[in-house]
Amino acid sequence: MKVKDVVSGMLTVVVVLAIPLTVSAEDLKKQMIDQGRYLIQVGGCNDCHTPGYPQQGGKVPEKDWLTGDVVGFKGPWGVTYPQNLRILFSEMTEDQWVAKAKSLETRPPMPWFNVRDMSEPDMRAMYQFVRSLGAKGNPAPDYVAPGMAVNTPYIEFYPKNLPGMQASK
Ligand code: HEC
């Protein structure tokens, strides 16, 4: 085989490979967004971060997802509010989100350990989906320390009737 033939053969391979690759860049992004939507849904993020989601059996339009909630969770840790993830993500790059997710640790009842244990591709897919929705809504109320006055609605999270505790009335 002549050098010329080898080179032209290689060029053909490059051209054939390049066509599907450019097409799939867009497809890849769409796949990531679809995967992110799925993870947010089955990961339970809407359960707390989307107002009314459990009450409406998950029938909240996607455009209203993850805007945070003014209903707090009160427990021995004080009162915490599901943050507005639409605003949070719009203020971070994808890499900043990955770094935050890998070292995430919050107060209860946020299941931060589940986010921390996600694979990096899943963290990135989640980010792409939330960014595709854009920023929306207002920041959630500030955290309230134990014993301080609470001016919002809240749900109480205190364990009752644990072994060794006196029975609740
Ligand atoms: C049981 C309710 C609940 C669920 C389920 C939940 N969160 Fe949260 N999340 C919260 C609360 C409450 C806070 C605020 C915690 C605090 O103030 O320390 C929070 C905080 C966060 C924060 C930190 C925000 C910041 O500014 O630091 C991130 C990020 C987050 N949640 C992402 C998620 C993702 C992603 C999911 C789904 C995998 C999810 N949450 C599921 C209740 C929940």
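Given the peptides 156-165, 95-104, arrange them by the average over their residues of other C-beta atoms within 10 Å, most packed first.
Per-residue mean Cβ counts within 10 Å order the peptides as 95-104, 156-165.
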Across the chain, how many lysine pairs separated by 8 or more positions, or lying on different chains, have Cα atoms within less than 29 Å?
24
Provide, in order from the shortest bin, the percent of all Cα-Cα pairs of the stretch 70-125 in each 5 Å bin, continuing until the bin that contains the maximum pair distance.
4, 18, 23, 25, 16, 10, 4
Evaluate the chain: find the radius of gyration of its Cα atoms, find its Kirkwood radius, and give the ratio Rg to Rh.
1.21
Sort the following peptides by mean Cβ neighbour count (other Cβ atoms within 10 Å, averaged over residues), highest first: 143-155, 65-77.
65-77, 143-155
Once both axes come from the Cα atoms, what is the angle between helix 3-42 and the longest principal axis of the chain, in degrees from 0 to 90, rounded to 10?
10 degrees
With Cα atoms, 0 to 90° folded angle of helix 120-133 axis to the chain main axis:
80 degrees
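Bear in mind these aren't lab numbers, they're just calculated from the coordinates by the rules spelled out. Please read these numbers as outputs of a predicted model, since none were measured by experiment. Methodologically, a virtual Cβ is constructed for each residue, glycine included, from the backbone with ideal geometry; neighbour enumeration extends over all protein chains shown.
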